Each structure stands twice: as structure tokens, then as C-alpha cells.
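Before any comments, here is the structure.
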Amino acid sequence: MTTNTHLDHETRLNQILAAARELIAAGGVGALTVRGIARKVGVTEAAIYRHVDSKAQVLVMLLEDVRQSVLGTIAQTTAPDLHALDKLEHALQHHLSFIESRRGISFVVIAEAAQFQEPRVRSAGKKLVEDYLTVVEGFIQQGIDSGEVEPSINPSAAATMFFGMIQASVTRWLFDSAAHPLAENVLSLWRLYRTSLEPVRSVESAS
């Protein structure tokens, strides 16, 4: 039902984001249109266009929202006094919880950004991934400096592996959430990843 109620810009943008998430959750990014958003919000397309200029801008907003939400959550749950490996474990737990609560929309949008031709969408997607990897690299470098992580490990490669582990888990979950629940797999994933980071013990020290 269309309404002529005038709301402030920020409130309307929040409605647009909420509607966009619902459309993507129901039908993928292909279902995301300005017309669909207008129907969800209950206004005309013209009313939506007063706040965003296109589907591309909505995707940029979604990507920035994911970036701020994920990095903000990691920052809040990884206290400065925690050991590096504890920070990584918390980051894994809370990132998977975030993805599950958003029904996997973040990864769907990131995948779309990689294929989208408009530079601002690709740029927003690239910034999200690069900023995330930078945070993870920082934790790994901290672990190397403190002796928790094998010094020969490349932080960039290890961060990419961390992100890839999450991406693979989410992909399986999106196809079959019952068979591959995210929350239940966190511990096993973490144990494997942690083992790959731990310092290599020499034969002498092991004997």
C-alpha cells in the first residue's frame, strides 16, 4: 500500500536497506529493483529515487553496512588485551553469527559486487574485503610477534585462508543449511585453522 508519509532521509534509507535485504533473501540480487523496494516500503518509485539514484547505490549502501557491521562487531568482541589467537577465534565466531543472522546476504552481495560493472559497486566490495583482510592480518602479525604463530607464516596468505574458510562454509550452508549449520561447525573449523598457525616444533624440542 502506497503512503505519502514524509520521513527524514536517514529513516528512509534504513527502510530502503531493510527492504533490499528482504528482496535479496527471498530472490537473490536479481530480485533487487527500485520498484521492488518501493513496494516493500509502501511508497512510489519516485519517493525512493529522492533518496537513492539507482540499484547500484543501494548495493553500495549494503556493502558499506556490512563492512561497518562486521568490523564493528569484531572490534567490540576482541579486547586489546586478548591473545592474538583468541582474537581470531572471536572474529570467526562472531562473523559466522553475523552471516547467519543476516541469512547469508552479505556474501551474496559481495559476490554480486565482484561481477557488477559499475565502478562504485566494485570499489565498495573491494574496500570491504580489503579492510576485513587487513584486520585479520593484524591479528596474525600480532601472533607472530608474540610467539603464538609460526614466524614463517605469511600474514596476507593466512588472512586469505581465514576468509576463504568462512566463504566455503557459508556457500555450503546457503545450499543446505540443515546439513551444514554454521554455528555448529565453528569449533571444528577453528581447531583446524589454529593448528595451521601454531609454531612448528623442532625435533629437539619435541623430544
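The values are calculated or read from the model by the stated rules, or taken from the named source; none is laboratory data. If you're wondering where the values come from, they're calculated on a predicted model, not measured in any experiment. Don't worry about glycine lacking a Cβ; one is built from the backbone with ideal geometry, like all the others, and counts go over all protein chains shown. Just so you know, the surface numbers come from the protein's heavy atoms only, side chains and all, with ligands and any DNA or RNA stripped out. Shrake-Rupley method; radii C 1.70, N 1.55, O 1.52, S 1.80 Å.
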Given [x] 20.1, 77; [y] 18.7, 60; [z] 17.6, 57 as possible values of Rg and Dmax of the Cα atoms in Å, the one from the coordinates is [x]
With all protein chains in place and a 1.4 Å probe, D86 shows an accessible area in Å² (nearest 10) of 50 Å²
Contour minus Cα-Cα span, M161 to Q117, at 0.36 nm per residue, comes to 13.2 nm
The rounded separation in angstrom of the Cα centers of the stretch 127-165 and the stretch 17-82 is 28 Å
Excluding residues fewer than 8 positions from K126 in its own chain, the lysines with Cα under 21 Å of it are K55
For the chain, longest principal axis from Cα atoms; helix 84-101 axis from its Cα atoms; angle between them, nearest 10 degrees, is 30 degrees
Other residues with Cβ under 11 Å from the Cβ of L85 give, with Lys and Arg +1 and Asp and Glu -1, a net charge of -2
A 1.4 Å probe over the protein heavy atoms gives the chain a carbon and sulfur accessible-area percentage of 53 percent
In nm, the gap between the two label points placed 7 Å beyond Cα toward Cβ at T171 and K126 is 2.3 nm
Hits in the stretch 132-148: amide N under 15 Å from the 7 Å Cα→Cβ extension of D81, namely none
Under the 7 Å Cα-to-Cβ spin-label approximation, A183 and R103 lie apart by a distance in nanometres of 1.7 nm
The extension gain from V200 to D53, computed as 0.36 nm times the residue separation minus the Cα-Cα distance, is 47.5 nm
So the angle from the long Cα axis of helix 119-146 to the longest Cα principal axis of the chain, reported in degrees to the nearest 10, equals 20 degrees
With all protein chains present and a 1.4 Å probe, the order of Y49, Y132 from largest accessible area down is Y49, Y132
Heavy-atom accessible area per residue of the chain, all protein chains kept, 1.4 Å probe, expressed in Å², is 54 Å²
